[in-house]
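S.K.: Supplied in C-alpha cells, the structure appears directly below.
No value in this document is a laboratory result; all are computed from the given coordinates. These numbers were taken from a predicted model, which means no experiment stands behind them. Here the Cβ positions follow ideal geometry from the backbone for every residue, glycine too, while neighbour counts run over all protein chains shown.
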Amino acid sequence: MKSFIQKHGLITIFTLILLLIFFFGGMYSRYMSNQISVHAEEHCTAEITHLDYNYELSTFIESPYIVEISYGVPQVQVILYISQSFQINGVVSGAQPDPEQLTGLQLLLDEESGKYYNDTSFISYTPSTHTLVARTIGFHGAITVTVEFSSDFTTVESYLVESNETYVEESDYIGSAVPAVENYYMDGFVAGNTNLDSVAGASYGTSPAMQDLVDLLAMFQAAQTGGN
C-alpha cells in the first residue's frame, strides 16, 4: 500500500508540475503574442509626416536631417535628429521613445530612406571662420564647394570649387574649362540669385547638381539670417 501511494503520489506531483508548466507557458505565450501584435500595430501605424534639412549650427553636420514621425497606439509625435545615413541621432522634441520603439522607428527610416536620399549634403562647418563645405554629385563625380560667410551670414566672403567634371563626357559643351559651369552657379548664389538657367551642353549632370547645391546653400543662409 505504501509503495502504491508513493508511486501514485509521484505521478500526481509530476502531473501537477506539467499542468503548471502548461498553464504558465500558455500565459507567457499569450503575453508574447500580444506584445508582438502591439509592436506590429505600432510599426504599421508609424508614419513619417515631415522631413527637412537641419540648419542648427551645433548639430547639422552630425545630423543633417530632422524628421517628424507619428507612431504608436494611441498615436504620438516625435521629432528626431537623423544622420546622413538615416540613423537616429537624438530627440529634438516630443516624448523620448523607449528602446523597442526606437528600434521600430529606425526600421521605418531604413525602409523609407530611399525616398529621401539626396546626393547633395553638408560635409563640414568651421565656426571660427564661418566656413561651410558642401558636396553634390555631378555627371562625372563629386563637386565640393567651400564657402566662407561673413559673421552674420548675410554675404559670401569667398568660395572655392573642387570638381571632377569634364563637361566633354556630358555633351558637346563648348566653353571655358572646368569649373566654369560650377562657378556660374556659385556666382549666381553670391549675387543672391539661384534661379538660374541651365547651362547648354552641361544639362545632364553638372547643371542639375549645381542647382541642387546652390539651393541648399541658399536655404542654409536664409535659416541663419531669419529668411532675409
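S.K.: Using 0.36 nm per residue of separation minus the Cα-Cα distance, give me the extension gain between D187 and L160 in nm, one decimal.
M.R.: Full-extension gain reported as 8.6 nm.
S.K.: Please get the size of the charge dipole for the range 121-224, origin at its Cα centre, with Cβ charges of +1 on Lys and Arg and -1 on Asp and Glu, quoted in debye to the nearest 20.
M.R.: Roughly 200 debye for the range 121-224.
S.K.: Neighbouring Cβ atoms within 10 Å as the yardstick, rank V145, V190, V78 fewest first.
M.R.: Ascending Cβ contact count within 10 Å gives the list V190, V78, V145.
S.K.: How much FRET efficiency would the formula 1/(1 + (r/R0)^6) give for E47 and S113, where r is the Cβ-Cβ distance and R0 is 22 Å, rounded to 0.05?
M.R.: Calculated value: 0.90.
S.K.: Next up: Based only on other Cβ atoms within 10 Å, what is the fewest-to-most ordering of Y184, Y116?
M.R.: Lowest to highest Cβ neighbour count: Y116, Y184.
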